[in-house]
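Please read the structure below before turning to the comments.
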Amino acid sequence: MTGTDPHATPTIGTPGASGASGISGASPQGAAPTPAPLPPRPTARRRAAIYRAHVVSELAQNARMPAFVLPLLAYPVLIYVVVGLPQGGAASARLSVLLGYVLFSVLGTVTFQFGVGVASARESPWERWLFTAPVPAWIRLAAKLTVACVFGVLFVIPVTLVGFTAGGVRVDAPTLAAVALAVLAGAVPMALLGLAMGYWFPARGALGLANLVYLPLSFAGGLFTGGDTSGTPWESLTVLLPTGAWSTLTSAVARQDLAVIGPPLVILAAWAVLLGGVTLAGYQRTQSANFR
């Protein structure tokens, strides 16, 4: 009888061969799975749409809070009526004083609401979820910066109206538009200062720091004295401070003295770059903490 030798070694077929036995055709053990293709990068139009959505969301969230809107509208007006209006003086002096309180209003908006406010909001479930969304950091920061500047400029309208009506300040339309641009230019580094505090410090720490920054920067920048810090210990440092450069810029634009606007613009740009880097680092630090 012819049979199969029980001691014979089984033959393993060649992979892919027809009729092969054993593990013929099996894939190699331990082979790495094929990685899924990366999603396409968003187009410029898509990024712009995401940016607009964040701006609209931030505007709606802040506008719905009377506790945010009313104090920031009323406080600068109250201080200007009590301290600024009685200073009087010539027309140019009254304009300089009003400009100082305009900057004071913007500074308060961006340091408290967009400093302390961000520090409080980033602990909320909604904000934690946003950190997990596939949105570039610069888009979210640009949206917050835009909203801070928008509210900062809107909140100067009441104090400006008081200056025009009760203070007798007169400015022609072209000068007013130029001054508004100067105020907006300085609002950018100030808003970045507020955002940096919001992302680097907890809510209580940001509140204390905002109080330490708000009034000292206002005094050192000459916001209550029409930009004049003569005779003060910080006179030589005023122009290097963001508020000092801001005050110098707006006063020069109001006087239409365009020959001197270069240095304060450079100083404000340098502060914007510095504080922008600090803000981005704080944002990324907070984002990393949420993924631990």
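The values are calculated or read from the model by the stated rules, or taken from the named source; none is laboratory data. A quick note: this is a predicted structure, and the numbers were derived from the prediction, not measured. Cβ placement follows ideal geometry from the backbone for every residue including glycine, while neighbour counts extend to all protein chains displayed.
A few comments on the model shown:
- Annotation: Val153 fulfils all but one of (1) modelled with pLDDT under 90; (2) of a type in the set (A, V, I, L, M); (3) over 15 Å from Trp246 (Cβ atoms); the unmet one is (3).
- Of all residues in region 53-77 being exposed (fewer than 13 other Cβ atoms within 10 Å of the Cβ) and not small (Gly, Ala, Ser), the one that is nearest to the chain's Cα centre (by Cα): Val56
- Residues of region 233-247 that turn out to be in contact with a Ser or Thr (Cβ under 8 Å, 6 or more places away or on another chain) and not in a helix (DSSP H, G or I), as a count: 0
- Long-range neighbours under 9 Å by Cβ, at least six apart or interchain, first residue over 22 Å from Gly115 (Cβ atoms) and modelled with pLDDT of 85 or more within region 212-232, second among the hydrophobic types (A, V, I, L, M, F, W, C) and surrounded by 20 or more Cβ atoms within 10 Å (Cβ to Cβ): none
- Pairs, first within 17 Å of Val83 (Cα to Cα) in region 144-172, second surrounded by fewer than 17 Cβ atoms within 10 Å (Cβ to Cβ) and of a type in the set (Lys, Arg), C-beta under 9 Å, six or more apart: Phe164/Arg170
- Which listed residue is of a type in the set (Ser, Thr, Tyr), in contact with a Phe, Trp or Tyr (Cβ under 7 Å, 6 or more places away or on another chain) and within 27 Å of Ala203 (Cβ to Cβ), from Thr111, Thr132: Thr111
- The residue that is farthest from Phe68 (Cα to Cα), counting only those in region 138-176 that are buried (at least 17 other Cβ atoms within 10 Å of the Cβ) and among the small types (Gly, Ala, Ser), is Gly167.
- Per-region count, region 63-85, residues more than 20 Å from Phe104 (Cα to Cα) and either touching a Cys at 6+ places or on another chain (Cβ under 6 Å) or not charged (D, E, K, R) (or both): 3
- Leading residue by the ranking (surrounded by the most Cβ atoms within 10 Å (Cβ to Cβ)) among those in region 206-226 that are under 23 Å from the mean Cα position of the chain (by Cα) and closer than 20 Å to Val81 by Cβ: Leu223
- Qualifying residues in region 122-136 (those that are modelled with pLDDT under 80 and aliphatic (A, V, I, L, M)) - the one surrounded by the fewest Cβ atoms within 10 Å (Cβ to Cβ): Ala133
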